[in-house]
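Just below is one structure, and these are the notes that go with it.
None of the figures in this text is laboratory data; all of them are computed from the coordinates on show. Since we're looking at a predicted model, the values are computed, not measured.
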Amino acid sequence: MSVGVLTGRQAQVLRYHLLGYSQVEIAEAMGITQPRVSALLSRALKKVALARQTVEFYEELMYIRELRERGYRGEAVLR
């Protein structure tokens with residue numbers, strides 16, 4: 001799985017999914033098979049989860065930096 005931006009198909013499947021369409025309905029609307037929809041959706045959700053984890057990690061690093069700038073010298077504990 002490549003990491004990064006969603007492909008056009010992944011974004012389209014994810015959009016339908018978030019609007020409440022079933023995988024069968026998405027497949028019919030896009031003219032592809034349900035297993036293909038499932039694969040695209042799975043990859044899209046993994047990329048979204050990874051992006052969320054990356055943002056959370058960055059926020060933790062900024063929190064630690066802020067503590068240190070305020071003079072805290074103890075061990076930093078992630079929130």
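Of (i) 23, 12, 10; (ii) 35, 11, 7; (iii) 40, 10, 9, which is the value of semi-axes √(5λ) of the Cα gyration tensor in Å derived from the coordinates here?
After the calculation, the listed value that fits is (iii).
Between Met62 and Ile32, what length comes free when the chain is fully extended (0.36 nm per residue of separation minus the Cα-Cα distance, one decimal in nm)?
On the way: separation 30, 0.36 × 30 = 10.80 nm, distance 4.33 nm.
Working it through step by step, the gained length comes to 6.5 nm.
Extension gain Ala49-Ser22, at 0.36 nm per residue separation less the Cα-Cα distance, in nm?
Numbers: separation 27, 0.36 × 27 = 9.72 nm, distance 2.07 nm.
Difference between extended and current length: 7.7 nm.
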